[in-house]
Ligand code: ES4
Ligand code: ZN
């Protein structure tokens, strides 16, 4: 019997979610037609058939190609609305959305267009379902540091409209240390800081993100399980990991859920959370990711703990966290 209906009722926060990764093929084709943009696929089925990845880069190539259909403030409001409606059905009470402004800028879309559309979707979700949340501006680590700095300066006057900054895209060969100055500036602007690390990259990248970027959470971080002293550091500093089970399996970061280091990390006392990453591409939204964790041998009590961790690990205010528990 499926635990899914029960998992959908657990109050949870989603902390690792690329809003561009919630673009379902049907909406991608609708926006392509609306904006007169061509997709390199002739049908929804052909696009869905391309969701067969070897690694992170093979996914990113398709993800960035599909992002070209996103052009107007309304597109971002529609995208955000569709995700938040789906998340509400999965018991998400607080959602922190990653977005990639440098990629949109390369497509001719200004930062304000992206932010205004997504903020409208978040405001509507708060009004409709009492959902809280916000935006985390991510720097794409395979673009120059100067581009990240310029993007942050462009965003600086609207720092109050952001929860924080993150770091994503191709990981190997782009160590966190490259972005120390960018993250120092984000800290000075009063922004929270997170970074993808230890998804495909080595444990040393997780340590750099903590020591040199001062991040408050690590996105993925699963390769930290290879380094006992690093696990101790995450436990002592109470630095949560935002783990994305379907993503790790589909991008072959792990050999399968049976080989996932989540059990090691959880049993050692790391504050692990369960998230969906790019759910349109990886075969399931957040409750489905909790179900995958259950199928891998975690008990309902343990899943309840991870849902509680997600609220504690969020950037919601303390009164809001108390309300969510
Ligand atoms: C991403 Cl799964 C993943 N890893 C790194 N960067 C990303 N951007 C969107 N999804
Ligand atoms: Zn991610």
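Which of the three applies to the chain, rounded, prolate or oblate, going by the alpha-carbon gyration tensor with a ≥ b ≥ c and a/c under 1.5 meaning rounded? Write down the numbers at each step before the final one.
On the way: a/c = 1.30, a/b = 1.15, b/c = 1.13.
It comes out rounded by the Cα gyration axes.
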Practice item. Among 321, 12, 252, rank each residue by its count of other Cβ atoms within 10 Å, from fewest to most, as a rough exposure measure. Key: 252, 321, 12
Point to revise | Simple label model, 7 Å out from Cα along Cβ direction - residue 3 to residue 88, nm | key: 2.7
Practice item. Find the relative contact order for segment 172-325 and round it to a whole percent, using C-alpha pairs within less than 8 Å whose residues are 6+ positions apart. Key: 17
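Under the rule of -39500 (n - 2.57) per DSSP H run of 4 or more residues, summed and divided by the residues of the chain, what mean residue ellipticity at 222 nm is obtained, to the nearest 500 deg cm²/dmol? Can you show the working numbers first?
Values: 17 runs with 160 residues, N = 325.
Value at 222 nm, helices only, nearest 500: -14000 deg cm²/dmol.
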Revision key, fill the gap. Residues 168, 301, 277 in order from fewest to most other beta-carbon atoms within 10 Å are 301, 168, 277
Point to revise | Contour excess over end-to-end distance, with Cα ends at residue 156 and residue 74 and 0.36 nm allotted per residue | key: 27.2 nm
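What is the calculated FRET efficiency for residue 323 to residue 211, with r their C-beta to C-beta distance and R₀ = 41 Å, to the nearest 0.05?
Details: r = 34 Å, r/R0 = 0.83.
Result of the calculation: an efficiency of 0.75.
Over the chain, calculate the relative contact order: mean separation of alpha carbon pairs under 8 Å at least 6 apart, over the residue count, as a percent. Provide the component values of the computation, followed by the final result.
Numbers: 577 pairs, mean separation 67.3, N = 325.
That works out to 21 percent.
Multiply the residue separation of residue 116 and residue 45 by 0.36 nm, subtract the distance between their alpha-carbon atoms, and state the gained length in nm to one decimal.
Working: separation 71, 0.36 × 71 = 25.56 nm, distance 3.15 nm.
Taking residue 116 through residue 45 to full extension adds about 22.4 nm, to one decimal.
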Revision key, fill the gap. Least to most buried among 173, 244, 66, by other C-beta atoms within 10 Å and fewest first, runs 173, 66, 244
Check your understanding: Between segment 101-132 and segment 151-214, what's the alpha-carbon centroid distance in Å?
Key -> 20
Revision key, fill the gap. With the 8 Å Cα cutoff and a minimum separation of six or more residues, segment 154-249 has a relative contact order in percent of 24
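We did not get these values from a lab; they are worked out from the coordinates using the rules stated. Since the model is a prediction, treat every value here as computed from it, not as a measurement. Note that we place each Cβ from the backbone using ideal geometry, even for glycine, and neighbour counts take in every protein chain shown.
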